[in-house]
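The next block holds one structure in the form of structure tokens; read it before the comments.
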Amino acid sequence: MYQDRIRLKSLWGKVVSPEEAAMLIKDGMTVGMSGFTRAGDAKAVPLALAERAATDNLKITLMTGASLGNDVDKILTEAGVLARRLPFQADPVLRRAINRGEVMFVDQHLSETVELLRSRQMGPVDIAVVEACAITENGGIIPTTSIGNTATFAILAEKVIIELNLTQPLELEGLHDVYIPTRRPFREPIPVVTPESRAGLPYIPIDPSKIAAIVVTRKADSSANILPPDDETKAIAGHLIEFFESEVRKGRLSRSLNPLQAGIGTIANAVLHGLIEGPFHDLTMYSEVLQDSTFDLFDAGKLTFASGSSITLSADKYAEVLPRIGSYKGRLLLRPQEISNHPEVIRRLGVIGINTALECDIYGNVNSTHVNGTQMMNGIGGSGDFARNAYLAVFVTKSLAKGGAISSIVPMVSHVDHNEHDVDVLVTEVGLADLRGLAPRERAEIIIRNCVHPTYRAMADDYFRRALKRGGHTPHLLEEAFSWHVRYQNTGSMMEAQAVAAE
């Protein structure tokens, strides 16, 4: 019975259908929806909204924590509902609409969205649509598998629609730590001094009079598309483990390392998975997304505690973990993303940040977002929050893409998300480049030698040697800096014709 999950009885009369709830959302509104990397997202109301758009003129600004599951972004895009989207997305249909200029996408650091809302530099939020597993006796919202920006959306919105998801276990209660920073410029320090620190409440505190509708749902989170480790990702993990071992020998890290963060996706997940066989123990995580590898490390006895903003798992791991989530509760916390990604906390804890690059250049600049400099992929996400403030900022990528037609290490990145000042370590399956304390010319030497695939190494070295003759602190041939990208656009491969013939 859903009534058992609505502990404030005066709210029982607010239960309505998804279609009735969707009618509260009007053309031109700004809507904040729960959801962070396919976890804890609203699942019924946005679909009803898309159906309504078939007959009503309806355009909204949609804010979330990160990407949504259950094809919500796809369906809303195809229905023409989205006028503006932020701060992150990962849907191919929406991506194409963004790149056609049909949907205005605002790519933001994940720690910043609610700061802009709170200070009224953006907004206001008209309605928040929030997934919950229960509502407390005082009207507090108990989130499900993510918090993301949900808490601030609910607190700032004029009205709140709650999707009460009966498939989400009640054992999730107590897993959340909802701490909202005080207003600037008189903000107190965030009281998180270890990954285990509890700073806030186990629910989202709102005035229950703002709850305009409750929709009962029974749809599970979408599973993550996480591939198992392959030879290349295992090699990347091996290089990184060897580097960590060297840092331990030099007395710069202990066998417990520092709190770990890993971005979403197959490569970062595989790198963490590699730590299962590594010589490290009593590991902790202070991350945003807790993936399959988090629970593999727990079950292997390697990880003692993990703090994040969402739990995003593959289908098999979801089916395995969610029914026994209670057994992990003493070792898990989910926080708002402005806390999981907060620069102050990341720097204080000395987090080791491991994130994925689309491409890097020979001087250590990283592009995380744009293919060939113009085509948006997903967004910067939280990688910038961690890279700028981490004890170690590590970026990982396979050295080749598209069957070797693309080198992931290029003379100059076509778009810069993380400049050379924020990148400490670069790793491909070929090898690892420790860039700390190196000048640009030194970085180029080690990146070309250690990270560029042998197929492209001679081309990279030739570019660098000829650029050196021009001089400069960061030598470049401006007329050739993007020649690899141009060649790919024109021919379908970055490889020079004579190099292909030589092979």
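The values are calculated or read from the model by the stated rules, or taken from the named source; none is laboratory data. Everything quoted here is computed from the prediction, not taken from an experiment. We place every Cβ from the backbone using ideal geometry, glycine too, and count neighbours over all the protein chains shown. Remember, those area values only see protein heavy atoms, side chains included, never the ligands or the DNA or RNA. Shrake-Rupley method; radii C 1.70, N 1.55, O 1.52, S 1.80 Å.
Could you rank S327, S483, S293 by how accessible they are, 1.4 Å probe, largest area first?
Ranked list, largest accessible area first: S327, S483, S293.
First check a/c for segment 196-292, with a ≥ b ≥ c the square roots of the eigenvalues of its C-alpha gyration tensor; if it is under 1.5, answer rounded, and if not, answer prolate when a/b is larger than b/c or oblate otherwise.
Oblate is the answer for segment 196-292, as a/c is 1.5 or above yet b/c matches or exceeds a/b.
What would the Debye equation give as log₁₀ I(q)/I(0) for segment 1-125 at q = 0.10, 0.15, 0.22 Å⁻¹, counting only Cα atoms as equal point scatterers?
Reported log10 I(q)/I(0), two decimals: -0.33, -0.73, -1.33.
Considering amide H positions built from the backbone, and no H for Pro or chain starts, which residues 5 or more places from F36, or on another chain, come under 5 Å of its amide H?
Sorted by chain and number, the residues that satisfy this are D41, A66.
What are the ³J(HN,Hα) couplings of segment 217-223, residue after residue, when phi is run through the Karplus curve with 6.51, -1.76, 1.60 and θ = phi - 60°? Round to Hz, x for glycine and proline.
10, 9, 10, 6, 4, 6, 7
Just by accessible area at a 1.4 angstrom probe, what is the order of D316, D417, D361 from largest to smallest?
Order by accessible area, largest first: D316, D417, D361.
Would you kindly give the portion of the calculated P(r) for segment 356-428 that falls above 17 Å, as a percent of all Cα pairs? Write down the numbers at each step before the final one.
Details: 952 of 2628 pairs.
Tail of the P(r) past 17 Å holds 36 percent of the pairs.
Of the options G308, S119, V351, report the single residue whose Cα projects farthest towards the positive end of the charge dipole of the chain (beta-carbon charges: Lys, Arg +1; Asp, Glu -1).
S119
Within the P(r) computed for segment 353-481, what percentage of the Cα pairs occupies the region above 18 Å?
48 percent
Work out the length of the dipole vector of segment 45-90 about its Cα centre, built from +1 on the beta-carbon of each Lys and Arg and -1 on the beta-carbon of each Asp and Glu, and round it to the nearest 20 debye.
180 debye
Please compute the Kirkwood hydrodynamic radius of segment 116-271 from all pairs of different C-alpha atoms, in Å with one decimal.
Averaging 1/r across every pair of different Cα atoms and inverting gives 18.9 Å.
With only Lys, Arg, Asp and Glu charged, each at its Cβ (+1 for the first two, -1 for the last two), find how big the charge dipole of the chain is about the Cα centre; round to the nearest 20 debye.
820 debye
In what sequence, highest mean first, do 154-161, 7-14 appear when ranked by Cβ atoms within 10 angstrom?
154-161, 7-14
With the full set of protein chains in place, find how many percent of the accessible area of the chain is carbon and sulfur; take the probe as 1.4 Å.
Percent of accessible area from carbon and sulfur atoms in the chain: 52.
Just from its helices, what would the mean residue ellipticity at 222 nm be for the chain, if runs of 4 or more DSSP H residues each count -39500 (n - 2.57) and the sum is divided by every residue, rounded to the nearest 500 deg cm²/dmol? Could you put the intermediate results ahead of the total?
Numbers: 17 runs with 144 residues, N = 503.
Taken over the chain, the calculation gives -8000 deg cm²/dmol.
Using 0.36 nm per residue, how much length does the chain from A458 to Y2 gain when fully extended, once their Cα-Cα distance is taken away?
Gain in length upon complete extension: 157.7 nm.
Looking at segment 117-208, which chymotrypsin sites (Phe, Trp or Tyr not before Pro) are DSSP coil and have at most 16 other C-beta atoms within 10 Å of their C-beta?
The qualifying sites are F186.
Going through segment 72-122, which trypsin sites (Lys or Arg not before Pro) have at most 10 other Cβ atoms within 10 Å and a DSSP loop state?
For trypsin sites (Lys or Arg not before Pro) across segment 72-122 that sit outside H, G, I, E and B with at most 10 neighbouring Cβ atoms in 10 Å, the list reads R100, R120.
Taking a probe of 1.4 Å, how large is the accessible area per residue of the chain, in Å²?
Working: 19000 Å² over 503 residues.
In whole numbers, the chain has 38 Å² accessible per residue.
Along the charge dipole of the chain, Cβ charges K/R +1 and D/E -1, which of L82, M29, T284 sits furthest on the positive end?
The residue sitting farthest along the positive end of the dipole is M29.
What translational D, rounded to a whole number of µm²/s, comes out for segment 96-176 from Stokes-Einstein when the hydrodynamic radius is the Kirkwood one over Cα pairs, at 25 °C and 0.890 mPa s?
Translational D for this selection: 170 µm²/s.
How big is the Kirkwood radius of the chain, worked out from every pair of different alpha carbons and given in Å to one decimal?
Over the chain, the inverse of the mean reciprocal pair distance is 23.5 Å.
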